[in-house]
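The values are calculated or read from the model by the stated rules, or taken from the named source; none is laboratory data. Just so we're clear, the structure is a prediction, and the values are computed from it rather than from any experiment. Virtual Cβ from ideal backbone geometry, glycine too; neighbours counted across all protein chains shown.
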């Protein structure tokens with residue numbers, strides 16, 4: 001499971017998904033404290049699609065991944 005990052009909903013911890021890092025790329029993190037919004041990029045045939053996932057719980061696993069990747073832009077205090 002090293003190519004996956006667990007993303008939990010801030011308001012409902014049972015609502016979670018696993019982001020496949022072979023397909024998707026986290027390009028930005030916006031937020032403060034325990035809640036954040038992730039900007040995610042998915043490559044397509046002719047370019048890429050960027051979307052945002054809101055109300056993400058900023059848990060230890062996500063913190064560790066974001067701090068290890070130097071290409072992720074961090075906005076706000078997270």
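Are any residues in the range 35-70 at pLDDT below 85 and farther than 18 Å from residue 18 by Cα, and if so, which ones?
Within the range 35-70, 70 is the sole residue that qualifies.
Could you please give the count of residues in the range 26-50 that are on the phi > 0 side of the Ramachandran plot and either without any contact (Cβ under 8 Å) to a residue 12 or more places away in the chain or part of a strand (DSSP E or B) (or both)? Break it down stepwise before answering.
Initially, the range 26-50 is screened for residues on the phi > 0 side of the Ramachandran plot, giving 31, 33, 47.
Checking the rest, the ones that are also either without any contact (Cβ under 8 Å) to a residue 12 or more places away in the chain or part of a strand (DSSP E or B) (or both) come to 31, 47.
Summing the residues that are on the phi > 0 side of the Ramachandran plot and either without any contact (Cβ under 8 Å) to a residue 12 or more places away in the chain or part of a strand (DSSP E or B) (or both) in the range 26-50 gives 2.
Looking only at the range 8-25, decide whether some residue is assigned to a strand (DSSP E or B), at positive phi and touching a residue at least 40 places away in the same chain (Cβ under 8 Å).
Looking only at the range 8-25, we keep the residues that are assigned to a strand (DSSP E or B), and these are 8-9, 16-20, 25.
With at positive phi added as a condition, the list becomes none.
Within the range 8-25 (the criterion being assigned to a strand (DSSP E or B), at positive phi and touching a residue at least 40 places away in the same chain (Cβ under 8 Å)), the answer is no, since none of the residues qualifies.
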